[in-house]
Structure formats: structure tokens, C-alpha cells
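Chemist: Pasting a structure here, questions to come.
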Amino acid sequence: MSLPKKHLFDLPDGVIYLDGNSLGALPKGAASRAAEVIGREWGQELIRAWNTADWMALPMRVGDRIARLIGAPAGSVATGDTLSIKVYQALDAALKMRPDRRVILSDNGNFPTDLYMAEGLMETIGKGYELRTPAPEDVADAITDEVAVVLLTEVDYRTGRKHDMAAITKRAHDSGAVMIWDLAHSAGALPVNIAGSNAEFAVGCTYKYLNGGPGAPAFIYARPDLVEEISPALAGWMGHDAPFAMERHYRPAMSTERLRVGTPPIVQLSILDAALDIFDEIDMEEIRAASLALSDLFIAEVEARCPGLTLASPRDHASRGSQVSFRFEHGYAAMQALIDHGVIGDFRAPDIMRFGFTPLYLDAGDVRAGVDVLERVIAEELWRDPKYQTKSRVT
Ligand SMILES: *Cc1c(COP(=O)(O)O)cnc(C)c1O
């Protein structure tokens with residue numbers, strides 16, 4: 001086993017980092033790449049760097065590297081903007097593919113921004129669209145022939161529950177609906193075969209398991225045979241067939257590039273590019289096996305040593321992503337105490353203590369040491385300290 005690859009990350013001493021599902025750790029090559037892009041490329045080359053440093057090709061070059069990790073062909077993944085925007089674009093394109101249907105189907109465990117973006121888009125379009133959000137376990141049966149688009153996040157951000165991508169996509173297609181997968185908690189965490197699923201669209205972010213850093217650009221996949229059917233909602237010049245022809249009217253690129261919008265974030269893309277070097281050396285199946293082993297160990301240790309915490313994630317491997325969540329009534333304060341004692345996870349309202357398992361930089365020793373601290377926080381009720389009760393803006 002060649003994991004973990006801790007030597008490829010800059011992690012602070014004395015910290016056990018169980019939050020790579022929310023913000024991946026800093027890869028060692030990232031800072032020097034950013035320094036080079038800022039100092040040499042921007043500083044010395046100035047605007048020439050769009051050509052001399054090939055900044056212009058960077059968004060699609062990085063897209064190709066992500067494509068490999070999600071089972072997509074080269075050229076089918078564009079990068080840029082934020083995931084919220086990519087959800088909006090995919091949803092708009094998908095709705096236009098089913099003009100006679102009026103229902104968007106998601107689930108009530110989906111990340112809020114995905115649902116907010118859907119509601120915002122519905123309001124912009126008018127035409128009486130309806131968003132349905134049944135419980136995740138009921139979503140497959142809710143796919144009827146009224147549904148235009150099924151918009152789901154494969155791995156639930158709160159509980160780590162994982163949808164069956166192949167089965168749900170097939171149900172959607174059997175009912176004539178378009179399928180969009182949000183891979184925010186999948187890309188870089190587990191093997192994804194988006195082309196094999198035959199889904200029309202996928203979107204995701206790169207600052208979680210892909211370690212692209214805060215504000216790293218999002219990505220969007222469109223099934224290659226559909227690209228020419230996509231009429232972009234956000235018709236930006238970087239999605240134009242010839243941006244520098246400066247034509248008066250929008251003419252979309254004949255590739256996934258039509259889902260780009262404006263000028264790409266070169267510094268962030270470069271950092272992401274450096275972060276993706278790590279994945280060149282590792283197979284996603286290997287990451288998945290290590291993640292499940294660490295998660296199983298964590299569940300066993302917490303259940304044995306921390307009574308009062310209730311598992312909120314599925315036990316079954318096929319139904320779980322790369323995070324494990326426990327419910328605890330005083331979860332917010334307990335998480336603050338835990339972080340204060342060097343074990344970083346996070347909290348999601350109302351009572352979820354969430355722990356991400358990123359086998360690139362975690363091993364069994366970290367898991368056991370993390371549970372040692374958690375056990376103390378719970379057994380000695382360290383969370384009762386008033387300093388752990390006040391909520392910060394970011395939990
Ligand atoms: C993290 C996450 C987001 C975040 O969207 P941003 O636009 O990057 O802030 C959206 N959707 C899901 C499912 C997420 O997990």
C-alpha cells in the first residue's frame with residue numbers, strides 16, 4: 001500500500017485533520033507554483049503570459065485531469081466559476097432539453113445552494129416549474145414522467161450517505177428525465193464513472209477532496225454527444241467559439257467550453273493543477289479502499305468509546321462516501337472542544353459532528369489518536385466550557 005502520502009502535504013504539527021471533505025489540506029507544490037505564477041508569469045510576462053505561459057489552455061488542461069478522476073473523456077470537463085454557478089448552468093441546459101416537463105427532482109438532503117440555485121433559476125424562467133425534494137431514500141421512486149431533471153448530489157454532505165449513481169441514472173432515463181450529478185463529495189474521494197453512468201451532466205468543486213485550496217474553481221461535465229444541444233444560460237465570452245474575434249453576437253464553442261463564462265482564475269487554477277499532481281501517482285480504487293478502512297475503524301472506535309454519540313452515516317460500504325457523521329445533542333460545543341484539542345472536524349446543524357477521511361494524508365494511527373481526544377471531550381464533558389458555546393460565522 002503506497003498510501004498515505006503525507007510527505008506531499010504541508011500539515012501543521014499536532015493537528016489531526018478530519019475536515020478534508022470541506023477544505024482539502026495544502027499540497028507541498030501549491031505554494032511554489034502560486035509563487036511562480038505570480039512572480040514570474042504575471043510579474044515578468046505580464047499580459048503576454050496568456051500565450052507565453054499558456055494561461056489560455058489552463059482551464060481545459062486542468063479539466064482533462066479532473067475528467068480522468070471522474071471517468072470522463074478528455075475535453076468533456078470545463079473548469080471555472082463556483083459550483084453554485086455550475087449547478088445553475090447544468091440545470092438550465094437540462095430543462096431546455098425537456099421543454100414539455102415542469103418538475104425538477106432533488107432530495108431534501110441536498111446541499112442548500114443546489115436547491116437555492118434551482119429555485120432562483122425557476123423564478124427567473126417563470127413558466128411554473130416545481131422543485132420536489134423527497135427524502136433521499138424515496139427519490140428513486142419519485143422519478144415519474146413529469147420529471148424534467150433529476151438533480152442529486154451523490155454523497156450527502158451531512159451524513160455521507162451515497163446514492164447509487166448507475167441505478168438512479170437508469171431510472172431517470174427510463175422515465176425520460178435528464179440526470180445531473182453533483183460530485184462535490186465524490187471527486188477525489190471515490191471512483192466515479194460518469195461516462196459509464198450515461199448521465200447528461202455532472203458538476204463539482206475542487207477545494208474539497210481535490211485539495212485545490214479555498215476558492216478553487218468548480219468543474220462541469222457535459223456528455224459529449226449533447227454539447228451542441230446546450231444553449232448556455234450564461235453566455236460569456238470565454239464560452240464563445242472565438243473569444244478574440246470579438247463578434248457582436250454570441251456563438252457558442254462547439255465543445256464543453258461553451259459552459260465556460262468569463263476570465264479564468266489563473267492563480268487558483270495553477271494551484272489546483274499542482275494539487276492534481278498527487279493523483280497522478282494513485283489509483284482511485286486504492287484511495288477508496290483506504291478511506292473505507294479508516295472510516296470503519298473510526299466507527300468501531302467511536303462506538304466502543306463514546307457512548308452518547310449516534311452514528312448518522314450508513315454502515316454499508318456501498319451506501320457511504322468518504323465521511324462519517326455522528327449525532328450528538330451538544331455537537332457544536334463538542335466539535336469546538338475537539339478542534340481546540342487539535343482534532344479538526346466540523347459541525348452541521350442541527351446536531352451532526354462530521355469527520356472526513358482523506359487517505360492521502362491520514363492513517364490508522366491518526367484515527368485512533370483522534371478518537372482518544374474525542375473520548376476525553378465526551379467522557380470529561382470538556383464541551384461544557386462556556387468558551388465552546390458561542391457560534392462562529394463558519395461552523
Ligand atoms: C460544497 C458544496 C457546494 C458549494 O458550492 P460553492 O458554489 O462552491 O460554494 C455546493 N454543492 C454541494 C453539494 C457541496 O457539497
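Chemist: Rounded to the nearest 10 Å², what accessible area does Ser2 show when all protein chains are kept and the probe is 1.4 Å?
Modeler: Its accessible surface works out to 60 Å², give or take rounding.
Chemist: Around Trp383, under 12 Å between beta carbons, what's the net of Lys plus Arg minus Asp minus Glu among the other residues?
Modeler: Numbers: positive: Arg376, Arg384, Lys387; negative: Glu329, Asp340, Glu380, Glu381, Asp385.
Taking every Cβ under 12 Å from that of Trp383, the sum is -2.
Chemist: Quick one: Cα centre-to-centre distance for the stretch 348-376 and the stretch 108-168, in angstrom?
Modeler: A separation of 29 Å, based on Cα centres.
Chemist: Let me ask something else about it. Let me check I've understood the local charge: for Lys6, count other residues with C-beta under 15 angstrom from its C-beta, Lys and Arg +1, Asp and Glu -1. What total comes out?
Modeler: Numbers: positive: Lys5, Lys28; negative: Asp10, Asp13, Glu281, Asp363, Asp366.
Computed value for this residue: -3.
Chemist: Residue by residue through the stretch 52-67, what is 3J(HN,Hα) from phi via Karplus (6.51 cos²θ - 1.76 cosθ + 1.60, θ = phi - 60°)? Round to whole Hz and write x for glycine and proline.
Modeler: Once rounded to whole Hz, the list reads 5, 9, 6, 4, 4, 8, 4, x, 7, 5, 5, x, 5, 5, 5, 3.
Chemist: By how many nm would the segment from Ile47 to Glu146 grow when fully extended, if each residue of separation counts as 0.36 nm and the alpha-carbon distance is taken off?
Modeler: Numbers: separation 99, 0.36 × 99 = 35.64 nm, distance 5.04 nm.
Computed gain between Ile47 and Glu146 is 30.6 nm.
Chemist: Which distance in nm do the two modelled labels at Glu286 and Ala242 give, with both placed 7 Å along the Cα-to-Cβ direction?
Modeler: So the two model labels end up 4.6 nm from each other.
Chemist: Read phi for every residue in the stretch 345-356 and hand back ³J(HN,Hα) as whole Hz from Karplus 6.51 cos²θ - 1.76 cosθ + 1.60, θ = phi - 60°, with x for Gly and Pro.
Modeler: Residue by residue, the stretch 345-356 yields x, 8, 10, 10, 4, x, 8, 9, 9, 10, 10, x Hz.
Chemist: Rounded to a whole number, what % of the accessible area of the chain do carbon and sulfur atoms account for, probe 1.4 Å?
Modeler: Using a 1.4 Å probe with all protein chains present, the chain comes out at 53 percent carbon and sulfur.
Chemist: Hey, another quick one. If you take the square roots of the eigenvalues of the alpha-carbon gyration tensor of the chain and sort them as a ≥ b ≥ c, do you get rounded (a/c under 1.5), prolate (a/b over b/c) or oblate?
Modeler: Oblate, since a/c reaches 1.5 and b/c is not below a/b.
Chemist: Residues with beta-carbon under 13 Å from that of Met179, excluding Met179: net charge, scoring Lys, Arg +1 and Asp, Glu -1?
Modeler: In short, -1.
Chemist: Between Val203 and residues 5 or more places away or on another chain, which pairs have amide H atoms under 5 Å apart, with H built 1.01 Å from N, and which residues are they?
Modeler: Distant-sequence amide H within range of Val203: Trp181, Asp182, Leu183, Tyr221.
Chemist: Let me ask something additional. What does a probe at Arg61 reach in the stretch 36-51, counting residues whose amide N is under 13 Å from the point 7 Å along Cα→Cβ?
Modeler: Under cut-off, by backbone N: 37, 41, 49-51.
Chemist: OK, next. Which ³J(HN,Hα) values in Hz, rounded to whole numbers, follow from the phi angles of the stretch 214-230 under the Karplus curve 6.51 cos²θ - 1.76 cosθ + 1.60, where θ = phi - 60° and Gly and Pro get x?
Modeler: x, x, 4, x, 8, 9, 9, 10, 10, 4, x, 6, 9, 3, 6, 7, 7
Chemist: Moving on to the next point. Only Cα pairs under 8 Å and at least 6 apart count here; give the relative contact order of the stretch 257-395 as a rounded whole percent.
Modeler: Contact order relative to length: 24 percent.
Chemist: Put +1 on the Cβ of each Lys and Arg and -1 on the Cβ of each Asp and Glu in the chain; which of Val15, Gln268, Ala293 then has its Cα farthest toward the positive end of the dipole?
Modeler: Positive-end residue among those listed: Gln268.
Chemist: Check Ser313: other-chain or 5+ apart residues with amide H under 5 Å from its amide H, H built from backbone geometry?
Modeler: Those qualifying (amide H under 5 Å, at least 5 residues apart or on another chain) are Ser325.
Chemist: Something else now. Restricting to DSSP H runs of at least four residues, report the calculated mean residue ellipticity at 222 nm for the chain, -39500 (n - 2.57) per run over all residues, nearest 500 deg cm²/dmol.
Modeler: Result for the chain: -10500 deg cm²/dmol, rounded to the nearest 500.
Chemist: Assuming 0.36 nm per residue, please report the length gained on full extension of the stretch Lys391 to Asp372 beyond their Cα-Cα distance.
Modeler: That pair, Lys391 and Asp372, stretches by 4.4 nm at full extension.
Chemist: Relative contact order of the chain: what whole-number percent is it, with Cα pairs under 8 angstrom and at least 6 residues apart? Could the numbers behind the result be given before it?
Modeler: Numbers: 771 pairs, mean separation 86.0, N = 395.
It rounds to 22 percent for the chain.
Chemist: Take the alpha carbon atoms of the stretch 7-72, find their center, do the same for the stretch 176-205, and report the distance between the two centers in whole angstrom.
Modeler: That distance is 23 Å.
The values are calculated or read from the model by the stated rules, or taken from the named source; none is laboratory data. Only a predicted model underlies this, so the values are computations on that prediction, with no experimental measurement involved. Every residue, glycine among them, receives a Cβ derived from its backbone with ideal geometry; neighbour counts consider all protein chains shown. Just the protein is used for accessible areas: all its heavy atoms, side chains included, with ligands, DNA and RNA removed. Shrake-Rupley method; radii C 1.70, N 1.55, O 1.52, S 1.80 Å.
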